[in-house]
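To keep things clear, I will list the structure first and then write my remarks on it.
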Amino acid sequence: MIITKKKNIETILEYLKDSKNIYLVGCDSCAEQCETGGEREVKAMAELLKREGKHITGFSIPDETCYSMLIKKHFREDNDTVEKTDAFLVLACGAGVKAVADAAGDEKPVFPALDSLYLANVARYGHFFEGCSLCGDCVLGETGGICPHTQCPKGLLNGPCGGMANGKCEVDMKNHCAWATIYRRLKIQGRLDVLKKIAPPKDYSNSVKPRTVVVESRSKK
Ligand code: SF4
Ligand code: SF4
């Protein structure tokens, strides 16, 4: 899931300073779990903006705001409200903001209420950690399922730096060194020979943006 945090309200009010009629869009998926864009946060934002003299034309909390077709359909069905809206404020990740901006058309400004931080694993409800940086060239097969790009602050690909101490990371001693953890796991699996191979430099051509994927079998449906 995508982790988001709230922007400060001064930034949001600055975005909206030339707009009176505001439509709010939340997200019932990741942003709801982060408590940044679910129903409670959207309603709280609506109340806050009303106190600032804004008129709320409406709000919606789609199941997944990054789903562009869903947002376009929703706006088509509620075109009257969209017409009456000066600006949209989106309490979702950047992909959600992009979906709303595309659905709202070129003339209506769309603003983010959140900052998007990272793709996260969910340790348990409300506890998230970063496990993958979406590099497009996965090396987890050689690293025991532990990502050196993400778990090592230096992104080292061929073993630990000189700062590792007692299995801890010199950048933050609260954390285990990624490479100490990789070594430990590969040793348990009897696969330490994997570490004798020198990992080549990262092929960043796999992560040239913007990236698109078409799943052929699904796109024909
Ligand atoms: S190597 Fe790390 S950042 Fe790249 S895809 Fe695998 S888990 Fe994600
Ligand atoms: S101590 Fe380990 S995790 Fe920390 S920066 Fe060095 S190699 Fe990376």
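The values are calculated or read from the model by the stated rules, or taken from the named source; none is laboratory data. Quantities reported herein were computed from a predicted structural model and do not represent experimental measurements. Neighbour counts run over all protein chains shown; Cβ positions are idealised from the backbone, glycine included.
Listed values, structure above:
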{"read-out": "Matching option when the condition is among the charged types (D, E, K, R) and under 23 Å from LYS209 (Cα atoms), among LYS98, LYS72", "value": "LYS98"}
{"read-out": "Lone qualifier among GLU47, GLU35, GLU77, GLU52 - being modelled with pLDDT under 95 and surrounded by fewer than 18 Cβ atoms within 10 Å (Cβ to Cβ)", "value": "GLU77"}
{"read-out": "Index of the failed condition, TYR125 passing every other in (1) loosely packed, with under 15 Cβ neighbours inside 10 Å; (2) over 26 Å from the mean Cα position of the chain (by Cα); (3) aromatic (Phe, Trp, Tyr)", "value": "(2)"}
{"read-out": "Residues of the stretch 174-192 classified as exposed (fewer than 15 other Cβ atoms within 10 Å of the Cβ) and among the small types (Gly, Ala, Ser), total", "value": "1"}
{"read-out": "Considering residues of the stretch 131-146 that are in contact with a helix residue (DSSP H, G or I) (Cβ under 6 Å, 6 or more places away or on another chain) and touching a residue at least 24 places away in the same chain (Cβ under 8 Å) only, the residue farthest from ligand 1 (Cβ to nearest atom)", "value": "GLY144"}
{"read-out": "Residue count, the stretch 5-16 (criterion: loosely packed, with under 13 Cβ neighbours inside 10 Å and either closer than 26 Å to HIS74 by Cα or at pLDDT below 95 (or both))", "value": "1"}
{"read-out": "Any hit, the stretch 166-188, residues being among the aromatic types (Phe, Trp, Tyr), within 14 Å of ligand 1 (Cβ to nearest atom), assigned by TED's automatic domain parsing to the domain that holds GLU142 and out of contact with any His (no Cβ under 8 Å at 6 or more places or on another chain)", "value": "yes"}
{"read-out": "Tally of residues being among the hydrophobic types (A, V, I, L, M, F, W, C) and within 8 Å of ligand 2 (Cβ to nearest atom) across the stretch 131-164", "value": "4"}
{"read-out": "Leading residue by the ranking (surrounded by the fewest Cβ atoms within 10 Å (Cβ to Cβ)) among those in the stretch 130-151 that are of a type outside the set (S, T, N, Q) and over 22 Å from VAL208 (Cα atoms)", "value": "GLY141"}
{"read-out": "Qualifying position, being within 16 Å of ligand 1 (Cβ to nearest atom) and loosely packed, with under 15 Cβ neighbours inside 10 Å, among GLY155, GLY162, GLY105", "value": "GLY155"}
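Yes or no, residue by residue, for (1) out of contact with any Asp or Glu (no Cβ under 9 Å at 6 or more places or on another chain); (2) of a type outside the set (Phe, Trp, Tyr); (3) not in a loop (DSSP other than H, G, I, E, B):
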{"site": "VAL171", "(1), (2), (3)": "yes, yes, no"}
{"site": "THR181", "(1), (2), (3)": "yes, yes, yes"}
{"site": "ILE198", "(1), (2), (3)": "yes, yes, no"}
{"site": "ASN206", "(1), (2), (3)": "no, yes, yes"}
{"site": "VAL214", "(1), (2), (3)": "yes, yes, no"}
